[in-house]
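The structure under discussion appears below in the form of structure tokens.
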Amino acid sequence: METATAATGIVLTRLANLPSTKEDEKREDAVDLLNLKAELTSLHAALRELADVPPDQLDGHAKAWAGDARDLAYDVDDAIDNNAFAARAEGGIFKNLLERATDLSRTRPTAAVGDVIRRPVAGVDADPTEGKGSGGLDAARDDLIKKLCAGDGDGGEASEGRGLRVVAVVGSAGLGKTTLAKMVYDTLKPRFDCGAFVSVSVNPDMAVVFRRMLRQLDDGRNARVGCSEEPKDDEGQIVDQLREFLRDRRYLIVIDDIWEKPSWEMIKHVLVENYCGSRIITTTRNFSLADQVGIPYELKPLSLDNSKILFLQRVFGHDNKSCLDDEFSEVADKIIDKCDGVPIGILAVASLLADKIGNKKEWYKVLDSIGSTLENNPDVKNMRNAISLGYYCLPVNLRACLLYLSIFPENYEVRRDRLIWRWIAEGFIHGGNQGESLFEIGESYFNELVSRSMVQLLDIDYSADGIREEYCCRVNFSVMDLISSLSSEENFVTILNNEQQTCPSNKVCRLSIRGSKEAIDTANQATLNMFQVRSLSVFSPAIGSINNLSQFKVLHVLDLEGCDLSESQHVLNNQFGSFLHLRYLGLRDTRITEVQDIGKLQFLQTLDLADTRIEELPATVFRLGKLMSLNVQYRTKIPRGIGNVVSLEELSDISTHDSPDLVKELRNLTKLRVLKITLYQPTQSTEEALVESLQNLNKLQDLHIYTASGNGHKKLLDLLQDGTWTPPQRLRSFGAKGTYISCSPLRLLPLWINTSVVPHLTVLLIQVMELRQVDVDVLGELPVLETLLVEPYEMKESIVIGSGAFPCLKECRFRNSDLGPVIREGAMPRLRIIEFCFGVRQTKDLGNGFEFGLANLGCLQEATVYIKCHDATEPEAEEAEVAMRRAADTHPNHANFDMNTFGEELMRFDDDD
């Protein structure tokens, strides 16, 4: 349903943006066009209403009608594309489309949409391990109990004056949040005066929820509460009874499966703060809501070992691994790996195999179907129901954006920006308010999908050998199974690969080609109608498809990222001129050396040439008046004229190497949000020109400057440091690094890095010649800073991170530092990753010990510590190592410690003078 809604929304936007003149308004088809817009508007409104109805409540007519509306929208889109350059030369082109739209309006479903339940109403969050033991949640149970009971006495009694504590268990569907909450509830309930475990779910009747809560708290002793869920009292009376009951009791309440903030606000009003040491556990799929409810506790997927135990228990009734021979063990491991540690998915797949024990062919068949569409059985249906609940609670526009991810293969890491720019090219993103760009709106869509646990965000890997340089995302296999099924059912995406061709219709709108080159030449492709294909995505090694691109007449998206085109780029270049409607061209990592006829792509919005072998950007690119995003390979020569592309919002990995005038032209690009630039052997005039340009770029959000070679200007980026340039308040990410640390582009922390100037700064990646305590104090006050990487050339004093500093920091790296930070209690409350280096000799010389306060980081998950042994004695180095091992062994969150020593060859020994 949402695919039809998205399709009609897209064409309505395109029709509204059609260029029109007075002569056009006098044409015979002008009235037809206006009437078509009106009919499509009516159809779109009807589809939006139907999209809120649970699919099982829609009859065949409604579904068929929506399919016809979707096909009409595609045909209108084609008509717009085919006449964009001919000024609607074919008379009556819209008359036939208008007749079809009018017929659809007459036959629209007559069911009173308002009389059916909007959005599916859920029961308790799927309990994937019910009756199957703890499902590998024992460690999570113990951890959650520690968080709930921190500060309580040895016997579990509340310390005097302890306030109400709320912990929100958060994670995607099917992880076992309800199971975990029930395990903790059963363990802790005897310590409390009373307890209740209630489910809220979607569209809750809060009077019923409160009645259940009161009945459980009272344990049936109050006859007035009774057993019925009929509203004998109104909601206000029940709330008063609850508050009175809880007034002087120590209570434990689980609020399971919260979806919306209003529900929590009503519940919070009931929960009396009586300083009796009461505890609340909530479960939710929404990370943003978890932050508002209480202390977030993210439930992680099962480990591989626990996943295998759960898998074997479901298939064989026990977890004895010896029941599998080598080949069965191999395929079982592959299946378990694909299940991503999600219990509900593991059980669903295992249930398919339980009656196929001994049939290796069937096991491999199930393995190949994971990530596309599994066969149906009750457990698979249960998994899909749990996932679909979250899907149908999404706004209609977000559902289409989520379905779009079925284009990508299973376990594929999709770059966030790539996905958003493709959404824009497809027309999924429409203009917003208050001057928001399309990308910013798309980013809010992306963040909402992450917050609702439908998409997993993969952060940039800032470790020394990190391989993920951009924010990426993926969907776990249970979500992929659902969206692949829906995409196929609604003809949203067509998939061609070696194993199967998902082609529900001979009309193809979005084509995803995977597998080997031979897969492209299958007979199935020959039977498909490629005329309406708007999106073509080819994934390596399936590269044969570029030999026949001429059949794709109305492409909006062409994405060949990762395919080796070194031997076939001439074919691509010969066909560029025919892609007149192209919005997105993805050629990243394709090994091409040139692109031709790019200037003909007048609708192009995104051009991605990163990691290619193109030595010089063709000047025809500067004719692209709608280009918003340009990514090139470092050291690709940028000829004069880039300043003419005033529509640019993102300009990444450009370099002044062979392009000395580049920094001067940047001043014209006033819409830039993202600028990543390398200054090659910068001079003072280069720096001055850069600062002058930056003063004109008032929409900058991400600025990253890299200085290559240190033989140029000795002051480096001092003009960025001393306040000559004040960045826009919207700046979110800033980086300044050089080729070597000894050539750090900044001497000290820039004066403008403070709360008043950059209140929205979330990422800071800098090299400085010296790091001081005063700098760290300023950084610690930044209200939303999440990622900090500082690489100092030298440190002359110990760095202390005080209580309350860095309230939102999640990742902190003091790389190549001489002295480790000392972390006080209450500092960095959300930190998950820390990296620092300390010199044993320097630490001892300052009279400091090797206690850095890592135990004060209650959320820490990973710690990487480098110990520099240069000039230290062997006992001193051993003392430092012992201290770090002790910190690892006793860490309250059992963080993973990676300890590295270096410089042993330069240590002082007893026989040294």
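Any read-out appearing in this document is the output of simple, stated calculations on the displayed coordinates, not a laboratory observation. Nothing here was measured: the structure is a model prediction, and the numbers come from that model. Positions of Cβ are generated from backbone atoms using ideal geometry, with glycine treated the same way; all protein chains shown enter the neighbour counts.
Odds and ends about this structure:
- Across segment 449-456, rounded Karplus estimates of 3J(HN,Hα) from the backbone phi angles (6.51 cos²θ - 1.76 cosθ + 1.60, θ = phi - 60°) give 5, 5, 4, 8, 6, 8, 10, 9 Hz, Gly and Pro being marked x.
- Between Lys699 and Ser578, the modelled label-to-label distance comes to 3.5 nm, taking each label 7 Å out from Cα in the direction of the beta carbon.
- Whole-angstrom gap from segment 438-464 to segment 330-373, using each part's C-alpha centre: 29 Å
- The string of couplings for segment 622-630 from the Karplus curve (6.51, -1.76, 1.60, θ = phi - 60°) is 6, 8, 7, x, 10, 5, 10, 9, 10 Hz, one whole number per residue in order, with x for Gly and Pro.
- Inter-label distance, nm, simple model (7 Å from Cα along the C-beta direction), Val757/Lys671: 2.9 nm
- Distance from segment 760-820 to segment 576-640 (C-alpha centre basis), Å: 38 Å
- Karplus-derived 3J(HN,Hα), 6.51/-1.76/1.60, for each residue of segment 239-244, Hz, glycine and proline x: 4, 4, 4, 5, 4, 5
- In nm, spacing of pseudo-spin labels at Lys664 and Gln681 (7 Å Cα→C-beta vector): 1.9 nm
- Residues with amide H under 5 Å from that of Thr707, placed H, sequence gap 5 or more: Leu679, Lys737, Gly738, Thr739
- Per-pair calculated FRET efficiency, R0 = 35 Å: Ser444 and Ser303 via Cβ, rounded to 0.05: 0.55
- Fully extending the segment from Glu692 to Val784, taken as 0.36 nm per residue of separation minus the present Cα-Cα distance, adds 30.3 nm.
- With a Förster radius of 45 Å applied to the C-beta separation of Asn385 and Asp564, the computed FRET efficiency comes to 0.60.
- Over segment 400-481: Kirkwood hydrodynamic radius from C-alpha pairwise inverse distances, Å: 13.4 Å
- Two-site FRET efficiency, Ala464 against Asn896, from Cβ-Cβ distance with R₀ of 25 Å, rounded to 0.05: 0.95
- You can think of it this way: the chain between Asp845 and Arg885 has 12.2 nm of extra reach, that is 0.36 nm per residue less the Cα-Cα gap.
- Amide H to amide H distances under 5 Å link Ile801 with Val822, Ile823, Arg824, where only residues 5 or more positions off or on other chains count and H is placed in the peptide plane.
- Amide H contacts under 5 Å for Glu851, placed H, 5+ residues apart: none
- Added length on full extension, which subtracts the Cα-Cα distance from 0.36 nm per residue, Ala16 to Phe328: 106.5 nm
- Qualifying GluC sites (Glu not before Pro) in segment 534-640, where qualification requires a DSSP coil assignment and no more than 11 other C-beta atoms within 10 Å, comprise Glu567.
- Entries of Lys676/Lys796; Lys146/Lys300; Lys637/Lys671; Lys268/Lys810; Lys146/Lys844; Lys63/Lys507 with Cα pairs more than 26 Å apart: Lys676/Lys796; Lys268/Lys810; Lys146/Lys844
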